[in-house]
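The values are calculated or read from the model by the stated rules, or taken from the named source; none is laboratory data. Small disclaimer: the values here were computed from a predicted structure and weren't measured. Don't worry about glycine lacking a Cβ; one is built from the backbone with ideal geometry, like all the others, and counts go over all protein chains shown.
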Amino acid sequence: MEQYSLPFHRPSFSALERQYLQEALEEGYWGGGRWIERLEKALQHIYEREVIVVSSGTSALHLALSLLIDEKDTEVIVPTWTFTATASEVVHAGGIPVLADVNESLHISPETVESLISSRTRGIIVVHYAGVAAPMAELLQLCRKYNLWLIEDACHAVPAYYGGQLCGTFGEMATLSFHATKPIAAGQGGAVLLSNPDLAERARILRRNGLQRSSEMPWLYEVKALGWNYMLSDFQAAVGLAQVARLEENWKERRRLALLYDDMLRGIPELTPYPVSSPETAAWHLYPVFWSGATAEKKNRLLQYLHRKGFTLNVHYKPLHLHPAYRPYIHKGQTFPTADRAYEEIFSLPLWVGMTEGQISALGETLKAGLAEIA
């Protein structure tokens, strides 16, 4: 078998990214000026919400939570099936994360949440895993029932839809990530999407160390709040702006590659793709598959085999409750059966613009060989 080198991800860029980077370089400010404004306006056009661009998806979550958590011991329910930032930023904003198991589609749902709601619960964070929308109608109904706010961690869901509505436009706030692996890739960066203009203005002040400058005399400023330096550079904003311009074409290509994976997996009965009911409504950020009946040990052996053959795969995710840092946040007797079972079986195939059909075919053959050897 021919040796391949297929990384898990490689960012896609064009002449437009080069052009915008060169313009930002030559303008000479670099610290986050008009390119930030242009990126925010481009995202406002898509989401029809206030947009605050920040330095990372993690800082976007921290900023959003800092605007909503205003009491000590505030509890926020988060899925255990997510990246650490979804829960860690609850702690950093002064709250307590309450970990919830997920449903069969690996989303938080009313069935996994309602029993965890207490008198201290103030909000829920929903993650649109892999770029597939969570059950938003049911979650919003639950929030209304208990008077809870909702944040969408929408970093996978660009663009994804639920009932014809764009993910990122449901809750009080939503967050995006511009990490190198994301649908809008700028190396690093993120954004907070807000429905409340007053909170948006506060967020703008907090992301720049809490400073507010005089419009008539810009050399004068006041510290209105104790904020953070969450500003994005002009270079990252320029790349992000170009990525927004290419968002639809990149989405179409990711969808095309995902459909090729669907065809490939029909010949590998041991593997089942993550369920996507409607290809047109998913963002196709990740392409997870399940190895039915596997254990984490067998899965790791398979991924090691593939790595030796030049194919780098990944796992999204190891549930938060299995990490040492989150042990203090597990309730006595609490279990996570769906997440535990999924972790035994799931891994993610590479999915990025620029992959070839030959690489997908070669990965399929290597998967068959690895499964045969390890089974």
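Kindly provide the set of residues from segment 111-138 that are touching a residue at least 12 places away in the same chain (Cβ under 8 Å), assigned to a helix (DSSP H, G or I) and farther than 19 Å from P288 by Cβ, ordered by number.
Across segment 111-138, the qualifying residues are V113, E114, L116, M136, A137, E138.
Which of the following residues is in the same structural domain as L61 (by TED's automatic domain parsing), surrounded by 24 or more Cβ atoms within 10 Å (Cβ to Cβ), touching a strand residue (DSSP E or B) at 6+ places or on another chain (Cβ under 8 Å) and hydrophobic (A, V, I, L, M, F, W, C): A157, A134?
Among A157, A134, only A134 is in the same structural domain as L61 (by TED's automatic domain parsing), surrounded by 24 or more Cβ atoms within 10 Å (Cβ to Cβ), touching a strand residue (DSSP E or B) at 6+ places or on another chain (Cβ under 8 Å) and hydrophobic (A, V, I, L, M, F, W, C).
Kindly indicate whether I36 is crowded, with 16+ Cβ neighbours inside 10 Å and more than 19 Å from E248 (Cβ to Cβ).
yes
If a residue must be over 24 Å from the mean Cα position of the chain (by Cα) and of a type in the set (A, V, I, L, M, F, W, C), how many such residues does segment 297-334 contain?
Of the residues in that region, 2 qualify.
Would you kindly identify the strands (runs of 3 or more DSSP E) lying entirely within segment 144-242 that contain at least 1 residues that are out of contact with any Phe, Trp or Tyr (no Cβ under 8 Å at 6 or more places or on another chain)?
Of the strands (runs of 3 or more DSSP E) lying wholly inside segment 144-242, those with at least 1 residues that are out of contact with any Phe, Trp or Tyr (no Cβ under 8 Å at 6 or more places or on another chain) span 149-153, 173-177, 190-194, 221-223.
Got a number for residues in segment 78-105 being within 24 Å of R202 (Cα to Cα) and among the aliphatic types (A, V, I, L, M)?
6
Please verify whether L257 is part of a helix (DSSP H, G or I), buried (at least 21 other Cβ atoms within 10 Å of the Cβ) and not assigned by TED's automatic domain parsing to the domain that holds A203, treating the condition exactly as stated.
yes
Is it true that T312 is touching a Lys or Arg at 6+ places or on another chain (Cβ under 7 Å), farther than 19 Å from L106 by Cβ and touching a residue at least 60 places away in the same chain (Cβ under 8 Å)?
Considered against the rule, which asks whether it is touching a Lys or Arg at 6+ places or on another chain (Cβ under 7 Å), farther than 19 Å from L106 by Cβ and touching a residue at least 60 places away in the same chain (Cβ under 8 Å), T312 comes out as no.
Would you mention how many residues in segment 17-33 are without any contact (Cβ under 8 Å) to a residue 60 or more places away in the chain and charged (D, E, K, R)?
Residues in segment 17-33 being without any contact (Cβ under 8 Å) to a residue 60 or more places away in the chain and charged (D, E, K, R): 2 in total.
Looking at (1) at pLDDT 95 or above; (2) outside the structural domain of A133 (by TED's automatic domain parsing); (3) out of contact with any strand residue (DSSP E or B) (no Cβ under 9 Å at 6 or more places or on another chain); (4) not charged (D, E, K, R), find the lone condition where A238 falls short.
Among (1) at pLDDT 95 or above; (2) outside the structural domain of A133 (by TED's automatic domain parsing); (3) out of contact with any strand residue (DSSP E or B) (no Cβ under 9 Å at 6 or more places or on another chain); (4) not charged (D, E, K, R), A238 violates only (2).
Here's the yes/no breakdown for (1) touching a strand residue (DSSP E or B) at 6+ places or on another chain (Cβ under 9 Å); (2) in a strand (DSSP E or B); (3) farther than 21 Å from E373 by Cα:
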{"position": "E280", "(1), (2), (3)": "yes, no, yes"}
{"position": "W284", "(1), (2), (3)": "no, no, yes"}
{"position": "R301", "(1), (2), (3)": "no, no, no"}
{"position": "H331", "(1), (2), (3)": "yes, no, yes"}
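Criterion first (assigned by TED's automatic domain parsing to the domain that holds L349 and not in a helix (DSSP H, G or I)) does Y317 satisfy it?
Yes.
Tell me whether segment 64-86 contains one or more residues that are farther than 22 Å from Y326 by Cβ, in contact (Cβ under 8 Å) with a residue 40 or more places away in the chain and buried (at least 17 other Cβ atoms within 10 Å of the Cβ).
yes
Checking the condition at pLDDT below 95, over 30 Å from F311 (Cβ atoms) and touching a helix residue (DSSP H, G or I) at 6+ places or on another chain (Cβ under 6 Å), which residue from W30, W35 passes?
The match here is W30.
Sort out which residues of segment 1-51 are assigned to a loop (DSSP other than H, G, I, E, B) and under 30 Å from L303 (Cβ atoms), and write them in order of number.
M1, E2, Q3, Y4, S5, P7, F8, H9, R10, P11, S12, F13
Scan segment 215-232 for residues that are among the hydroxyl-bearing types (S, T, Y) and without any contact (Cβ under 8 Å) to a residue 12 or more places away in the chain and jot them down.
Passing the criteria: S215, Y221.
Looking at L302, L313, L351, L322, can you tell me which residue is under 26 Å from V76 (Cα atoms) and modelled with pLDDT of 95 or more?
L322
Within segment 357-375, how many residues turn out to be closer than 18 Å to R255 by Cβ and polar (S, T, N, Q)?
1
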